[in-house]
Amino acid sequence: MTQGTAVRLRHCAKTFAGGRQVLQPLDLDIHPGETLVFLGPSGCGKTTTLRLIAGLEQPDAGGQVLFDERDVTDLPIERRDVGMVFQNYALFPNLDVAGNIAYGLKIRGLPRAERDARVAELLAMMQLEALAERRIQQLSGGQRQRVALARALAPRPRVLLFDEPLAALDAQLREQLRADIGALLRELGTTAVYVTHDQQEALALGDRIVVMGEGRIAQIGTPTQIYQRPASRFVAGFVGQLNRFEVRGHSGAEVAVAGGRLPWTGAASTLFCRPEHLEPSTTPAHLTGILVGQFFQGAHSRLLVEVGTGQPLLVDTAQHVQAQPGDLLHLNVRPDALFTLAC
Ligand code: ATP
């Protein structure tokens, strides 16, 4: 297991030619060995942040990038000891699979025997042995990305950087490779920074997630914290879906909302919960509405329940619900599932 490197960004802003500041001053500590995922909508600055860490971009004056407390701000990518994996693979078409994996070892001057041993190790690790002599053009997208990953890992980089590595793959392959990358990162213990706009990928891979919006950090937290206790409507809306309840009145340990009453003691004008935190009930419950839609989604069903607001509640349930559209449906909210959002 490799000892991970601590990566620090100190006051890293980025202004491109023309004066557009795409990154507000960013301070961030990435812990040794953790996988930190940057998640956010297109154009929010995720890739720019990754490129600052890689040494492919320089921060504005005053910004610093530190690896284990060493200032690497002025070092180009080839002197930072990072491995990168891109969406478009960026493999060398003139080299075969083994040649691609060996590339970084060759330019570091590793002796032939050691190089061959390391390439063999990577081919085995990435289940690419049978493809060692294949040309890149003869590989599927998933195989190409395995080669790209093997090439990035071969020189044992201090930091691994991933820029939307699965975005070009189909859903099933994406899930498979995502699981493989997750297992690999846990096993290697290398510090990894992973950029994606896919919330499932972020929740599955991140030890912590940085949600970004418009060049700034909207929230940093574990996947559970981000999902269950989002810091703002932007984060809550970007990671998962939300039900929203306008509070009409307070009485004791309950608040009145459209469709019924919810257990809540604090002061709040709007409450939220996730679709899986509403549960159909056969007896009168917190809420009552009319079923207006029902969609089978495999392990669960998505129900749409109208409570008179014009914006149906979203309910994800593993229960087999007998009701038909137009029927009344009772819903309970799970304990501790409600939350407020300050902004
Ligand atoms: P995406 O998921 O679409 O790649 P992102 O969150 O990774 O988005 P960035 O690629 O970091 O976003 O880009 C942030 C902003 O900076 C965008 O508005 C982009 O157009 C702009 N930008 C990126 N690179 C440059 C550049 N070299 N020159 C000028 N503007 C740039």
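Bear in mind these aren't lab numbers, they're just calculated from the coordinates by the rules spelled out. Since this is a predicted model, take the numbers as computed values, not measurements. No Cβ is skipped: glycine too gets one built from the backbone with ideal geometry, and neighbour counts run over all protein chains shown.
Of T283, T224, T340, how do they rank once you tally other Cβ atoms within 10 Å and put the fewest first?
T283, T224, T340
Could you size up the charge dipole of the chain around its Cα centre, putting +1 on the beta carbon of Lys and Arg and -1 on that of Asp and Glu, and report it in debye to the nearest 20?
Its charge dipole is roughly 540 debye.
Subtracting the Cα-Cα distance from 0.36 nm times the residue separation, let me have the gained length for C343 to Q21 in nm, one decimal.
Fully extending the segment from C343 to Q21 adds 113.5 nm.
Non-local amide H neighbours of A218 (under 5 Å, H modeled in plane, Pro and chain starts lacking H): which ones?
V211, M212, G213
Pull out the extension gain between K106 and Q241, defined as 0.36 nm times the separation in residues minus the alpha carbon to alpha carbon distance; nm, one decimal.
My answer for the length gained is 43.8 nm.
Can you give the charge dipole size of the stretch 243-337 about its Cα centre, rounded to the nearest 20 debye, using +1 on the beta carbon of Lys and Arg and -1 on the beta carbon of Asp and Glu?
Working: 6 positive and 8 negative charges, 23 e Å.
It comes to approximately 120 debye.
Specify the inter-centroid distance of the stretch 129-192 and the stretch 36-56, based on alpha-carbon positions, in whole Å.
Taking the Cα centre of the stretch 36-56 as reference, the centre of the stretch 129-192 is 19 Å away.
So what's the back-of-envelope 222 nm ellipticity for the chain, counting only DSSP H runs of four-plus at -39500 (n - 2.57) apiece and dividing by all residues, rounded to 500?
Only helices count here, giving -7500 deg cm²/dmol.
A253 versus F296, label points 7 Å from Cα toward the beta carbon: distance in nm?
4.0 nm
Can you sort K106, K14 from fewest to most other Cβ atoms within 10 Å of each residue's own Cβ?
Values: K106 13, K14 22.
Going from least to most buried by this count: K106, K14.
For the pair E114 and L328, what calculated FRET efficiency results from E = 1/(1 + (r/R0)^6), where r is the Cβ-Cβ distance and R0 = 56 Å, to the nearest 0.05? Present the calculation step by step, with values, prior to reporting the outcome.
Values: r = 72 Å, r/R0 = 1.28.
With R0 = 56 Å, the Cβ-Cβ based efficiency is 0.20.
Run the numbers for R186 and T283: contour at 0.36 nm per residue of separation, minus the present Cα-Cα distance, in nm. Working shown, then result.
Values: separation 97, 0.36 × 97 = 34.92 nm, distance 4.57 nm.
Extending this stretch completely gives an extra 30.3 nm.
Once you place label points 7 Å from the Cα toward the Cβ at F92 and L75, how far apart are they in nm?
Between F92 and L75, the label points sit 2.3 nm apart.
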